[in-house]
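All remarks here apply to the structure that follows.
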Amino acid sequence: MTATAERDGERARGARHLRALPEGPVERLCNLACMMALIVMLGVIGVDIMTRAVFNFSFEVSDELGGYMLVAITFISLAVCQVNDSFHHVEFVQSRLSARGRALSHVIFDLLSLAFCTALLWQLVRFEMSSWRFDDHAPTYLATPLWIPRLAMVVGAAALLFSMVRTLVADIARLRDRDEAPREPA
């Protein structure tokens, strides 16, 4: 491998960490919500383990509440992962592109992701509205109205959409900076 190729590969790997944005209030709130959901999930499961071991009794709700908390954590953490640039990347392609090519590929990928996330949010809102309209309840002891846990999916997708717009704006600014930067002589 030549020195230039090694340097370009190092820049591509380092560029990934340069894409991370500072967490805004939406991402901080999502991060806090995920931490609280994790604490609730651990508490409910811990109480159920203790009552089973000590009293040979179960509240029969830990699986249901744990599942709801897991869904909340999964969807609400998406915005935090987006601004921290924690999703998977195709490094072997990115490392072979020029700095401008990488910036352009980030913008194109951001636009495609934004379109997908908009469609996902639209469908989740429709799903949430049908849960509310038909008064769906879980067939369990708690008989949880299903619009409550499903709301976490809508909130998480909306927060992700907001974070994707922030990422897209930052990536467009990086692309413009690369276009306006003085070119090195060949």
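The values are calculated or read from the model by the stated rules, or taken from the named source; none is laboratory data. Please read all numbers here as calculations on a predicted model, not as lab measurements. Using ideal geometry, Cβ is built from the backbone for each residue, glycine included, and neighbour counts are taken over all protein chains shown. The accessibility values were calculated without ligands, DNA or RNA, using every heavy atom of the protein model including side chains. Shrake-Rupley method; radii C 1.70, N 1.55, O 1.52, S 1.80 Å.
Taken over the stretch 16-57, the percentage of Cα pairs per 10 Å bin, counting from 0 up to the bin with the maximum distance, is 25, 26, 22, 15, 10, 2. Remark: the stretch 74-85, residue by residue, has Karplus-estimated 3J(HN,Hα) of 4, 7, 6, 6, 4, 5, 5, 5, 5, 6, 8, 6 Hz, where x stands for each Gly or Pro and the curve is 6.51 cos²θ - 1.76 cosθ + 1.60 at θ = phi - 60°.
Could you work out how far the C-alpha centroid of the stretch 65-82 sits from that of the stretch 24-64, in angstrom? Each part's Cα centre sits 13 Å from the other's.
For the stretch 53-129, what class follows from the C-alpha gyration tensor (a ≥ b ≥ c being the square roots of its eigenvalues): rounded when a/c is under 1.5, otherwise prolate if a/b is larger than b/c, else oblate? Since a/c reaches 1.5 but b/c is at least a/b, the shape of the stretch 53-129 is classed as oblate. Normalising the average separation of contacting C-alpha pairs (under 8 angstrom, six or more residues apart) by the number of residues puts the relative contact order of the stretch 124-186 at 23 percent.
Panel note: the C-alpha atoms of the stretch 108-166, placed on their principal axes, show extents of 47, 16, 12 Å (largest first).
Build a GNM of the chain with springs between Cα atoms under 10 Å: which of 142, 70, 29 gets the top mean-square fluctuation? Evaluated over the chain, the most mobile residue of the options is 142. Distant-in-sequence amide contacts of residue 146, defined by a placed amide H-H separation under 5 Å and a gap of 5 or more residues or a different chain, comprise 136, 137, 138.
With contributions of -39500 (n - 2.57) from each DSSP H run of at least four residues, the per-residue ellipticity at 222 nm computed over the chain stands at -27000 deg cm²/dmol. Overall, the accessible surface of the stretch 28-110 at a probe of 1.4 angstrom is composed of carbon and sulfur to the extent of 74 percent. Normalised size of the stretch 13-102, defined as Cα radius of gyration per 2.2 N^0.38 Å with N residues, equals 1.61. For the pair residue 92 and residue 108, label points projected 7 Å from Cα toward Cβ lie 1.9 nm apart. Take every pair of alpha-carbon atoms less than 8 Å apart whose residues are at least six positions apart; their mean separation over the length of the chain yields a relative contact order of 30 percent. Taking all protein chains into account, the per residue accessible area for the stretch 120-186 stands at 67 Å² (1.4 Å probe). Based on the Cβ-Cβ distance of residue 56 and residue 36, what FRET efficiency does E = 1/(1 + (r/R0)^6) give at R0 = 41 Å, to the nearest 0.05? That gives a FRET efficiency of 0.85.
Annotation for the stretch 70-157: chymotrypsin sites (Phe, Trp or Tyr not before Pro) lying in DSSP loop with at most 10 further Cβ atoms inside 10 Å of their Cβ are 87, 134, 141. Just so you know, the Cα atoms of the stretch 54-186 work out to an Rg and Dmax of 21.1, 78 Å.
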